[in-house]
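Single-structure report; data block below.
FYI, it's all coordinate maths here, none of it is from the lab. What you see is a predicted model; the values in this text were computed from it and never measured. Cβ coordinates were reconstructed from backbone atoms using ideal geometry, including for glycine residues, and neighbour counts include every protein chain displayed.
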């Protein structure tokens, strides 16, 4: 299959609409470099996302449509249907404890705001984060910095951040939630009463595991490095790459120079929480379960 190219804790990790530092992958242990992912056979049934790249004008139009969208009040039998290229997740909203967040999420979902975006930040054992429209502008560097153009005040509550919980991302300002959300893939009680819980997965939580099992871009690129250059290869066709006192060798593609390939590898290694295979949110809709 063709490989697609493109949060003591509260103070150290903030699940955010802004770009913040994320936990560092410790590569000092040599075992971390002995990676052997066979991606050709892994996730072979994943459908590759094919959503078009959006211009700034189109992004602004989607925001304006969401802002003007007439959303119906949340009903007791409303459910969230979240379609991804790995499967469909169903969730239940909690309008009794976070009415504004639930209504905001329904507005964004049913206006099509989330359609074609990706889960840009995936941390196994913690959470998956999505909801940033800027993941559709063709510039991976600004992913995680987007918003809906407005904010929702915090509605902190007593629900615990356990596996399957739907919660809202924000910056250091408690009242800065906008469009980005996250779903816990494990218990994360250090987030309790600091982020607004407003729903929970009720069906197909196995999709969470499919998402977190995809190697990050960093792990994937490191798995391509070799400990030595094969004896029958021309050394000029290989890039020598040093990382944490380890030396890896990468064969330079014919379409790239040694310098351009090094920049490419540098950028991939930085992406410790971006899946190497994009996890697309095809669409999210809040519908009547009847």
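Sorted by average packing, counted as other Cβ atoms within 10 angstrom per residue and highest first, what order do 134-142, 208-216 take? Please report the intermediate quantities before stating the final value.
Details: 134-142: 16.9, 208-216: 18.7.
Sorting 134-142, 208-216 by mean packing, highest first, produces 208-216, 134-142.
If N is the number of residues in the range 209-290, what value comes out of its Cα radius of gyration divided by 2.2 N^0.38 Å?
Numbers: Rg = 18.0 Å, N = 82, 2.2 N^0.38 = 11.7 Å.
Computed over Cα atoms of the range 209-290, the ratio equals 1.53.
Normalised by the residues of the range 150-265, what does the relative contact order come to in percent, with Cα pairs under 8 Å and at least six apart?
Numbers: 158 pairs, mean separation 22.7, N = 116.
With pairs under 8 Å counted, the relative contact order is 20 percent.
Hey, what did the range 217-270 get for relative contact order, percent, Cα under 8 Å, at least 6 apart?
Details: 51 pairs, mean separation 21.5, N = 54.
Taking the mean separation of contacting Cα pairs over the length of the range 217-270, I get 40 percent.
So if we plug the beta-carbon distance of residue 247 and residue 142 into 1/(1 + (r/R0)^6) with R0 = 30 Å, what FRET efficiency do we get, rounded to 0.05? The partial results should precede the final answer.
Working: r = 33 Å, r/R0 = 1.09.
After rounding to 0.05, the efficiency reads 0.40.
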